[in-house]
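The values are calculated or read from the model by the stated rules, or taken from the named source; none is laboratory data. Model, not experiment: these values are computed from the prediction. Note that we place each Cβ from the backbone using ideal geometry, even for glycine, and neighbour counts take in every protein chain shown.
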Amino acid sequence: MISIAGTRMQSAAVLWQVHEINRQPLALGGVGLANIFPVIILSLLAGAAADAFNRRRLILLTQTSLALLALTLGLLTLRGLTPLWVVYLITAVSAAVGTFDLPARQALVPNLLPRELLTNAFSLNSIAFHVGSVVGPTLGGLVIARWGVGAAYVINAVSYLAVIGALLLIGPVPQERALPAEGDGPAWSPRAIVTSVTEGMRFVVGRPVVFSSMLLDFFATFFSSAAALLPIFARSILQVGAVGYGWLVAAPSLGSAAVALVLSLRGTLRRQGRVLFLAVTAFGFATIVFGVSHNFWLTFAALAATGGTDTVSTVIRNTLRQLQTPDRLRGRMTSVSQLFFMGGPQLGEFEAGLVAQIFGPAVSVVTGGVGCLLATAWVARRFPQLLHYDGSEATLAADTVPATQASSD
């Protein structure tokens, strides 16, 4: 939670800094491109790493690297050495490191507790994420107003010490590791990597419920990703300044934390497929309200609603995917998923910036919400398996897991 607060503070600060350097909406969309290109290039490799190597050690390495990158950006900014290309470059390198962090982090969760507690676990994980996401941008607005964006980056660098310390306290975590196929050589030989990545992609495509949940994630977030335009709304439409901007960035996470708390206290959800589609539909409508609003509190409420509905969707999707995937494939499944759930919003931010550049920010957000609704209807019609998913189904992959190697640190 502490580390996420720092990370979200930095994310808000990057957008604010880019808008200070270049006031064109397309410049804000460039942040999305800097974040997504490393994911597209490295995501499948990162999933293979999460299955082949110890996940806890891999997370320790990525978190340490991210702390050093945040510190570098902070020191350069404080010294006035951050032209736009430097901000983009460090953002891209950080995204590359984070690409290896996420599959290992999500795949580690099922190694820590029994499957019947996964929905509650992901809800609690979501609470920690979204509380940090409320605190981070809110404090970030105050920090930016008082000391500037450079201080926000330095604070983020220090915040990584919390997660590094937590990983050290956890101790060894047993996991199943994927063994290279006979004749493929060491785990990191080119042939073994190709075999490993191919196996992960074949698994995802062969599970309609898993694959369709990823498609829904991508299309919904691609059309409804307008977070990159918040500096424009804060400055030009709502006229609330840096502090108000911090609250707007925090609003989705405030709604998310409230919903995640409710989900963490209740049992397993039934009719999860229908609940999932209702949540994504509500997400699209809330995005439209955000786009047409000229009132700060209505905008705040609409953004909070996008966060709350997105949390329902995220918890269901994460639980579904983890339960339908054997441990030896979880890293690779998450890496494929990462292409969808990170590719959607990051490419969506560029699309939002491009449309805003041509037609204005309000049109960009409203048309994005409409696009989300149309995409949701298409996925529901194309993949009825997801619509009728109940949540009580057996783990389909359990009977097909080949021999694996159990290990810990």
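Side notes on the structure shown:
- Taking the criterion of being at pLDDT 85 or above, closer than 17 Å to V109 by Cβ and not hydrophobic (A, V, I, L, M, F, W, C), the residues of segment 39-74 that qualify are N54, R55, R56, R57, T62, Q63.
- Qualifying residue in segment 133-156 (condition: surrounded by 18 or more Cβ atoms within 10 Å (Cβ to Cβ) and more than 18 Å from A13 (Cβ to Cβ)): no
- Scope segment 22-42; condition under 17 Å from A356 (Cβ atoms) and either surrounded by fewer than 24 Cβ atoms within 10 Å (Cβ to Cβ) or touching a Ser or Thr at 6+ places or on another chain (Cβ under 8 Å) (or both); matching residues: N22, R23, Q24, P25, L26, A27, G30, V31, G32, L33
- The conditions of being at pLDDT 80 or above and out of contact with any helix residue (DSSP H, G or I) (no Cβ under 6 Å at 6 or more places or on another chain) are not met by L84.
- 2 or more residues more than 26 Å from I40 (Cβ to Cβ): qualifying helices (runs of 4 or more DSSP H) within segment 305-389: 361-382, 384-387
- Test: residue in segment 167-178 that is in a helix (DSSP H, G or I) and surrounded by 21 or more Cβ atoms within 10 Å (Cβ to Cβ): no
- Residue within segment 67-87 that is closer than 21 Å to L168 by Cα, among the small types (G, A, S) and without any contact (Cβ under 8 Å) to a residue 60 or more places away in the chain present: no
- Residue check, L347 at pLDDT 90 or above, more than 21 Å from W247 (Cα to Cα) and of a type outside the set (D, E): no
- Conditions (1) assigned to a helix (DSSP H, G or I); (2) free of Cβ contacts under 8 Å to residues at least 40 places away in the same chain; number of the one not met by Q239: (1)
- Matching residues in segment 216-236 - criterion: being in contact (Cβ under 8 Å) with a residue 40 or more places away in the chain, closer than 14 Å to L15 by Cα and among the aliphatic types (A, V, I, L, M): A226, A227, A228, L229, L230, I232
- Filtering segment 233-244 to residues that are out of contact with any Phe, Trp or Tyr (no Cβ under 7 Å at 6 or more places or on another chain) and buried (at least 24 other Cβ atoms within 10 Å of the Cβ) leaves only F233.
- Verdict on R105 being within 18 Å of the chain's Cα centre (by Cα) and among the basic types (K, R): yes
- Residue count for segment 219-243, restricted to those that are small (G, A, S) and at pLDDT 85 or above: 2
- Applying a threshold of 9 Å to beta carbon distances and a minimum spacing of six or more residues, or different chains, the list of pairs starting in segment 373-387 at a residue that is basic (K, R) and ending at one that is surrounded by 14 or more Cβ atoms within 10 Å (Cβ to Cβ) reads R381/L387; R382/S212; R382/L215.
- Count of residues meeting criterion [part of a helix (DSSP H, G or I) and either polar (S, T, N, Q) or crowded, with 24+ Cβ neighbours inside 10 Å (or both)] in segment 292-301: 1
- Count - residues of segment 108-125 that are touching a residue at least 60 places away in the same chain (Cβ under 8 Å) and out of contact with any helix residue (DSSP H, G or I) (no Cβ under 9 Å at 6 or more places or on another chain): 1
- Matching residues in segment 103-154 - criterion: being under 20 Å from A250 (Cβ atoms), in contact with a Ser or Thr (Cβ under 8 Å, 6 or more places away or on another chain) and at pLDDT 85 or above: G132, G136, P137, G148, V149, Y153
- Flag if L216 is part of a helix (DSSP H, G or I), modelled with pLDDT of 85 or more and out of contact with any strand residue (DSSP E or B) (no Cβ under 8 Å at 6 or more places or on another chain): yes
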